[in-house]
Amino acid sequence: MITLEHYLALSAMIFTLGLCGVMMRRNVILVMMSIEIMLNAANLALVAFNRHLVPVAGAAVAPDGQVLVFFTIAVAAAEVAVALAIAMLLFRRLDTVSVDDVANLRW
Amino acid sequence: MNWLILLLPLTSAFLITCFTQKSKWLSATLALAAVWGAFAIAASHLPAALHGEGHFVVADSFRWLSAGDTVFRYGFLIDGLSLIMLLVVLGVGGLIHIYAIGYMHGDPGFSRFFAYLSLFMFSMLGIVIADNFFQIFIHWELVGVSSYLLIGYYFRKDSAAAAANKAFLTNRVGDFGFMLGILMLFYATKSWVAPGSGAGDFRAMAAAISAPGWLEQTAMSIGGGRWIMTNEHFLWIAGALTFMGVMGKSAQFPLHVWLPDAMEGPTPVSALIHAATMVAAGVFLLARIFFVYLPSETALSIIAHIGCFTAFFAATIATTQNDIKRILAFSTLSQLGYMVMAMGLGGVDASMFHLTTHAFFKALLFLGAGCVIHAVHTNDIREMGGLLRKLPITGWTFLIGTLALCGVPPLSGFWSKDGILHLSQHPPHYAHDWMITTLPTITAVLTSYYMFRLVLQTFFGKPRDQHRYDHAHEAPTWMWAPMVVLCVLAIIGGQLIGSPDTLEAFRTVTRPAGVMEFEPIHADEQTILHALLIFGLGAGAAFAAWGPRRWIHPDRILAIPGMRAVHALFDNRWYVDDFYAWIVKYVQQNVARACNAFDQYVLIGFIVNGGSWLTRATGAIVARYQTGSVRAYALLFLAGVAALLALNL
């Protein structure tokens, strides 16, 4: 029997994986991929919560969690579009994809 | 039609300022036409008023503003009281306008002067015909502004600019109290006056106060009825505050200091504003709102004593001054004191009667002083002498004005001033003390003394400055013609309006029941002897000290031990000005310094600069965490979220 706890444990693992990727990786593409992984971990948790916590009344299940996931996916897609454009311009201008090489936006 | 009384001078001021500055002739014509046009309208009411037996009234008003239930109206109320005041202001004012054409001839600001005069007429007429407190306050302040402009007419002269400021600031003190009083009365009218009538309407308020049992009703209750103020107490506080406005405008002690300095203005201004009309506005206001004071004997007693003291105080100072206009200014103060005192003693008619006759002879005296100054180019009476031969018309009219002021029968001053002296010798019980019964008579003696000291030094004796004497010449027709008219009024004005029937016609519709009836002076032997005795004492003393023979030389009087101190007291105006200067220099300046220190060190130093320092210091610390490294941000972000979760869970 797969319970809510199993889903949440998996979600937490995936999230930690993404977080570590963001903090450790230097390649900007990989950092973005890690962010996507974190977003999907959150999506998984949302879907699981919806399935297990919302009471089933007849056949109709309130799909709030699922709908929210679609929003997340849409926003993530938009974010990736912007971020990839930034990454591409970064490479064209500075000839690098390492986030440590563009640390000149500071006080 | 009646609105034109206000509109004509206003239009004239506007036209002169905007269009006719270049043409002196046109400016003067406009101003004169406005004054005499308004005078004709006012005079057209005279027959109706004389047959109205005190019930004559013409009124109209329109709604100007409304805030919630409170309606502010602007209108005119022409009854006997405002009609006599209108005729005085416009009649004397019109004559002085004519005089000013001659006096200001050749002055580069000629048009500006007439614009100011018209503005003053508009402001003053607004006070006279106002039918509510709201309107009277607006015009009260407008009069203050016109007075400021006219005192400071020679604005390049430092002393004139300073005098204008002094007049304005001193009036501010009085007007502050006046405004508080008006606000109290406004507050009260809500419960007194039927809805629909304007806030502070004189007639509605007078009617409410006269209602039986009204005085015992509650005006204010604070703390759930633990502290209750009856209408009677409410009224006397409001009345005392309102009286502060009177003290400022009518220059009563201790707010009198501005009037002598106001003589820096051109002489026609001194005659019109600072002798005949504007300074009488306070007395007029007392008559108009006498219903506020009548219920409270305490308030009336205060008014009577302040007026009485001012009369005496100013007369003593006038005995030592040497500037011809200043002597007349202190004399004006003294006479205003008489009027205010008469109001306090319940003699509304007596006071208004004296106001009218005083306007005639004091305007005449000032215009005469203007002619003298015009002729010898100095204000100092010690440099004059023997001018009667050089200035016969001025001299003789001045002499008649002086006799009228001293109350010599049968001139106008006798009828009005002896009415007030009579009142003071038989005062109502609340003011029956030595001050009220003796000081006015002593003041009358002093009046004769200082006026004859002035006349003897100016017009008689040997010329003390031969050069000035040789160049003196009689004033042009523009100047002496109005003086002759005023002189006639100063002679016959007493009998003209002093009869019981006429005074009855000139009473106000806002007059509450219970005001003392004016007892006209019966010119029997005793009264005439009494008046002549007072006059003889003062004039005789002046003749002995300042006459051609100088029987008792003033230096010999000064030699008496103690007299020098008394002379210094009078000469320094009882040190009131010095006292105020001391207050400003030490008290006010130290308070200001303390406030400044609080501002500099606490407000600016601590709160304003401290706040900005805190922000900058925090910024300097936080800025170190902005490394530019994305990975470091992610770590910090994680730490922040973790910390938040830890705190919440």
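Before moving on, here are some points about what is shown:
- Some residue of region B:339-352 being at pLDDT 85 or above, closer than 14 Å to residue B:454 by Cβ and of a type outside the set (Val, Ile, Thr): no
- So residue B:269, is it crowded, with 24+ Cβ neighbours inside 10 Å, free of Cβ contacts under 8 Å to residues at least 60 places away in the same chain, in contact with a helix residue (DSSP H, G or I) (Cβ under 7 Å, 6 or more places away or on another chain) and within 30 Å of residue B:110 (Cβ to Cβ): no
- Residue match in region B:131-153 (condition: outside any helix (DSSP H, G or I), of a type outside the set (Ser, Thr, Tyr), farther than 28 Å from residue B:293 by Cα and free of Cβ contacts under 8 Å to residues at least 12 places away in the same chain): no
- Residue satisfying all of: in region A:91-107; touching a residue at least 60 places away in the same chain (Cβ under 8 Å) and of a type outside the set (Ser, Thr, Tyr); nearest to the other protein chains (Cβ to nearest Cβ) among these: A:99
- Test: residue in region B:105-120 that is touching a Pro at 6+ places or on another chain (Cβ under 6 Å), modelled with pLDDT of 90 or more, crowded, with 24+ Cβ neighbours inside 10 Å and not small (Gly, Ala, Ser): no
- Which listed residue, of A:40, A:50, is modelled with pLDDT of 90 or more, away from chain B (no Cβ under 14 Å) and crowded, with 16+ Cβ neighbours inside 10 Å: A:40
- Residues of region B:34-63 that turn out to be in contact (Cβ under 8 Å) with a residue 24 or more places away in the chain and closer than 28 Å to residue B:200 by Cβ, as a count: 16
- The conditions of being out of contact with any Pro (no Cβ under 8 Å at 6 or more places or on another chain), within 14 Å of chain B (Cβ to nearest Cβ) and in contact (Cβ under 8 Å) with a residue 24 or more places away in the chain are not met by residue A:45.
- Taking region B:455-487 as the range and being closer than 18 Å to residue B:275 by Cα and touching a Phe, Trp or Tyr at 6+ places or on another chain (Cβ under 9 Å) as the test, the residues that pass are B:479, B:482, B:483, B:486, B:487.
- Considering region B:228-242, the residues that are touching a strand residue (DSSP E or B) at 6+ places or on another chain (Cβ under 7 Å) and surrounded by fewer than 19 Cβ atoms within 10 Å (Cβ to Cβ) include one that is farthest from residue B:181 (Cα to Cα), namely B:228.
- Residue match in region B:451-460 (condition: of a type in the set (Phe, Trp, Tyr), surrounded by fewer than 19 Cβ atoms within 10 Å (Cβ to Cβ) and either out of contact with any Cys (no Cβ under 8 Å at 6 or more places or on another chain) or touching a residue at least 24 places away in the same chain (Cβ under 8 Å) (or both)): no
- Selected residue (criterion: nearest to the other protein chains (Cβ to nearest Cβ)) from residues of region A:1-24 that are out of contact with any Leu (no Cβ under 8 Å at 6 or more places or on another chain) and touching a residue at least 40 places away in the same chain (Cβ under 8 Å): A:8
- When every residue of region B:418-428 is checked against the conditions, none turns out to be under 28 Å from residue B:370 (Cβ atoms) and assigned to a loop (DSSP other than H, G, I, E, B).
- Boolean, residue A:32 is surrounded by fewer than 14 Cβ atoms within 10 Å (Cβ to Cβ), within 19 Å of residue B:636 (Cα to Cα) and without any contact (Cβ under 8 Å) to a residue 60 or more places away in the chain: no
- Residue B:569 being touching a helix residue (DSSP H, G or I) at 6+ places or on another chain (Cβ under 6 Å), away from chain A (no Cβ under 14 Å) and surrounded by 11 or more Cβ atoms within 10 Å (Cβ to Cβ): no
The values are calculated or read from the model by the stated rules, or taken from the named source; none is laboratory data. Everything numeric in this text was worked out from a predicted model, so none of it was measured. Cβ: placed from backbone, ideal geometry, glycine included. Neighbour counts: every protein chain shown.
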